[in-house]
Amino acid sequence: MIAVSYFGLGHVGLTSAVCLAYRGFKVIGFDVDLSKVETINAGKPPFYEPKVEELLSVGLNRGLFHCTVDPTEAVQNSDVTFITVGTPSDPEGNINLDQVKESAKQIGKALKVKSKYHLVVVRSTVLPGTTENIVKPLIEEYSEKKCGNEFGLCFNPEFLREGSAVNDVFNPDRIIIGEFDRQSGDILEKLYIEFYAGDVPPTIRTNLVNAELIKYANNAFLAMKVSFINMIANLCQKLPGADVEIVAKGIGLDKRIGPHFLKAGAGWGGSCFRKDLEALLNFGLKNNVELPLIEATLKVNAIQPFRLIDMTKEIIGNLRGRKVSVLGLAFKPETDDMRDAVSIKVVKKLLDEGAKVSVYDPKALENAKKIFGNQVEYAKSIEECIAGSECAIIVTEWDEFRKLTPDIYIKLMRIPAVVDGRRIYNVEDFVTKLRFAAVGYGQMKYYNPALAVNAIICSDGRVLLVKRNIEPFKGLWSLPGGFVEHDETVEETLVREVEEETGLKVKPHRLVGVFSSPLRSPIKQVITICYECTILSGELRACGENTEVKFFALDDIPQLAFDHGKILRDYISATFDEERKE
Ligand code: UGA
């Protein structure tokens, strides 16, 4: 079997290495970071990625995998070296090749003292031309050997997704081999034939530059798909009844479009997309080629996280002094990675707006502490995070958040309000029970304030109340009245509603007050106008099977619906308290 070494033990390097060792390959990992090497050799991956810890311990126990800080040891004891170091961006969005160059030099030096042929495979994402024009000359210079004769060279892009990287190594859609020459490609293909043992994924063999461009085009297209559906989501939100989930399903069934990567949300994050798109954009500029779709993809994504803040304000109003809970911090589920995570923008904006922020994430809390310091409260559980809060925002779609029902939110929160930034909840279920907004769900109609009018009817020092046994009033007494119809005046509505509910014809004679009553209905902002009324005529009777009407003595007023209790208490103390004292 071919022996393999990896230069760079980040997500891609370590995950691939332990998968190869698991399939019986002899694998050596090299990294310049001694503490990382020691941690890995002790069986602990330096990041969270499902299954990696398990596979690492298999590799270590079978003696098939170990790590070193000695590059020569790694090259000497392998036939193929993968370069899997980071290619971060500089502040202008250009790709920083320092680690790739350093690896090429180290490999070159090691090859100088190696007699056997060796294959070098660049797997870090690098711009078209880099393998040929930067990596190759450096290896040649430091090894004093000629590429093609004494060593081979390939570019072999990776398409691993964090959170499912192990599965992606074992089941890739395809393998792309960019080869300097035939011999180099043959060796790499042989390695994959051995690894996939009879079930080799579709393989494309091409030159270096195509393979390098495939990686960028691939990430750019994926990011563009997500930005596209987020753009449509923003439009849906302005159209009552529109739902991006249905639109995405509809277009996804067109085979030319496909169903994947059409999940609207708070925007894409992670270590790759923005870095790669910015690098590609700059690369285009240097080559005098405009790439307007890449520009638009970045632009849509830069503002998408702030949609969650707008939605929060739409359902709970001003954020100053309000307690807001952020559920999910990692850039996607099943990782602790917060690089370029949407949550960073969301939390910072909430803090700017004066909100008190509590955060929870099953895996990313430690990384979050490095970013937010003591500006937020770190909760140890979902319950702790949302307790007493006035709005919960779903920023990352961890499975444990899906289990939360409206009742749990209602029970724990001060104001049950949820912004679903990842479309994990059944909209119908939530929208009727609490204040709710979801990305791409057009429910603007619920935010239109409704105008209600209520009557306080007094007779012999008693007050008339109504019980309607329908949701959301069920079992509770309230003041007679209802929502103002748009072709009526407030007083017309009042007279009509009171007569329909109680059989009494009344006359409003004194305005008691105008109240903003957010708790009157969980899905509408309600303004209530309240009048004291006198009875003109009619006989008290309940109208409809589900209604009761009754006069109550001031001291016996039962539990009232919503904030009618406050209206009534204020009215009674202003009108009767003095009298009663006398
Ligand atoms: C991405 C690519 O998917 C990999 O193929 C590639 O190898 C990798 O970048 C890389 O260049 O190294 P990754 O960033 O780990 O992988 O994660 P993705 O699953 O692609 O998710 C990226 C972001 O897009 C996440 O924030 C995710 O929440 C978001 N996303 C994804 C959506 O908002 N909607 C979707 O439909 C899909």
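Results, tabulated for the structure shown:
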| quantity | calculated |
| --- | --- |
| Complete set of residues in region 370-388 that are in contact with a strand residue (DSSP E or B) (Cβ under 8 Å, 6 or more places away or on another chain) and at negative phi | F372, Q375, V376, E377, Y378, A379, K380, S381, I382, E384, C385, I386 |
| Flag for D168 being open to solvent by less than 20 Å² (accessible area, probe 1.4 Å) and free of Cβ contacts under 8 Å to residues at least 60 places away in the same chain | yes |
| Helices (runs of 4 or more DSSP H) contained entirely in region 274-380, each with at least 3 residues that are open to solvent by 10 Å² or more (accessible area, probe 1.4 Å), touching a helix residue (DSSP H, G or I) at 6+ places or on another chain (Cβ under 7 Å) and farther than 27 Å from L160 by Cβ | 292-316 |
| Near pairs, Cβ below 8 angstrom, 6+ apart or cross-chain, from region 378-397 (farther than 18 Å from K348 by Cβ and free of Cβ contacts under 8 Å to residues at least 40 places away in the same chain) to any residue that is away from the ligand (no atom under 16 Å from the Cβ) and part of a strand (DSSP E or B) | K380/Y360; S381/Y360; E384/S358; E384/Y360 |
| Residue count for region 54-71, restricted to those that are open to solvent by 50 Å² or more (accessible area, probe 1.4 Å), at negative phi and either over 39 Å from the mean Cα position of the chain (by Cα) or among the aromatic types (F, W, Y) (or both) | 1 |
| Qualifying positions in region 116-126 - touching a strand residue (DSSP E or B) at 6+ places or on another chain (Cβ under 6 Å) and within 16 Å of the ligand (Cβ to nearest atom) | V121, V122, R123, S124 |
| Lone unmet requirement of (1) assigned to a helix (DSSP H, G or I); (2) within 29 Å of the chain's Cα centre (by Cα) for Y48 | (1) |
| Residue that is within 12 Å of the ligand (Cβ to nearest atom), outside any loop (DSSP other than H, G, I, E, B), open to solvent by less than 30 Å² (accessible area, probe 1.4 Å) and out of contact with any Leu (no Cβ under 8 Å at 6 or more places or on another chain), where the choices are N230, N218 | N230 |
| Condition check for K249: in contact (Cβ under 8 Å) with a residue 24 or more places away in the chain and of a type in the set (K, R) | no |
| Criterion (in a helix (DSSP H, G or I) and away from the ligand (no atom under 14 Å from the Cβ)) met by exactly one of G241, G250, G198 | G250 |
| Residues that are over 33 Å from the mean Cα position of the chain (by Cα) and open to solvent by 10 Å² or more (accessible area, probe 1.4 Å), drawn from region 1-17 | M1, I2, A3 |
| All helices (runs of 4 or more DSSP H) inside region 399-465 with 2 or more residues being more than 30 Å from T493 (Cβ to Cβ) and of a type in the set (A, V, I, L, M) | 406-412 |
| Tabulated pairs, region 207-219, first of a type in the set (K, R), second within 14 Å of the ligand (Cβ to nearest atom), C-beta under 7 angstrom, 6+ apart or interchain | K215/T125; K215/P157 |
| Residues of region 138-165 that turn out to be surrounded by 21 or more Cβ atoms within 10 Å (Cβ to Cβ) and more than 16 Å from the ligand (Cβ to nearest atom), as a count | 6 |
| Region 171-195 - residue that is more than 25 Å from E54 (Cβ to Cβ), touching a residue at least 24 places away in the same chain (Cβ under 8 Å) and open to solvent by 20 Å² or more (accessible area, probe 1.4 Å) and, of those, nearest to the ligand (Cβ to nearest atom) | R174 |
| Check on S521, open to solvent by less than 40 Å² (accessible area, probe 1.4 Å), polar (S, T, N, Q), at pLDDT below 90 and out of contact with any Pro (no Cβ under 6 Å at 6 or more places or on another chain) | yes |
| Close pairs from region 253-265: first touching a residue at least 40 places away in the same chain (Cβ under 8 Å), partner among the polar types (S, T, N, Q), Cβ under 8 Å, at least 6 apart | A264/N230; G265/N230; G265/Q304 |
| Region 18-37 - residue that is away from the ligand (no atom under 16 Å from the Cβ) and under 31 Å from the mean Cα position of the chain (by Cα) and, of those, least open to solvent (accessible area, probe 1.4 Å) | V18 |
| Set L536, L479, L504, L540: member being modelled with pLDDT of 85 or more, in contact with a His (Cβ under 7 Å, 6 or more places away or on another chain) and among the hydrophobic types (A, V, I, L, M, F, W, C) | L479 |
| Residue among D429, D487 that alone is open to solvent by 20 Å² or more (accessible area, probe 1.4 Å), away from the ligand (no atom under 16 Å from the Cβ) and free of Cβ contacts under 8 Å to residues at least 12 places away in the same chain | D487 |
| Matching option when the condition is within 16 Å of the ligand (Cβ to nearest atom), among the charged types (D, E, K, R) and more than 29 Å from K345 (Cβ to Cβ), among E212, E278 | E212 |
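So that you can scan it fast, the table gives a plain yes or no per residue for (1) in contact (Cβ under 8 Å) with a residue 24 or more places away in the chain; (2) within 11 Å of the ligand (Cβ to nearest atom):
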site: E295; (1), (2): no, no
site: I316; (1), (2): yes, no
site: G321; (1), (2): yes, no
site: R339; (1), (2): yes, yes
site: V342; (1), (2): yes, yes
site: K349; (1), (2): yes, no
site: G354; (1), (2): yes, no
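The values are calculated or read from the model by the stated rules, or taken from the named source; none is laboratory data. The model shown is predicted, which means the values in this text are computed figures rather than measured ones. All Cβ positions, even for glycine, are placed from backbone atoms using ideal geometry, and neighbour counts span all protein chains on display. In case anyone asks, the SASA skips ligands and DNA or RNA and just uses the protein heavy atoms, side chains included. Shrake-Rupley method; radii C 1.70, N 1.55, O 1.52, S 1.80 Å.
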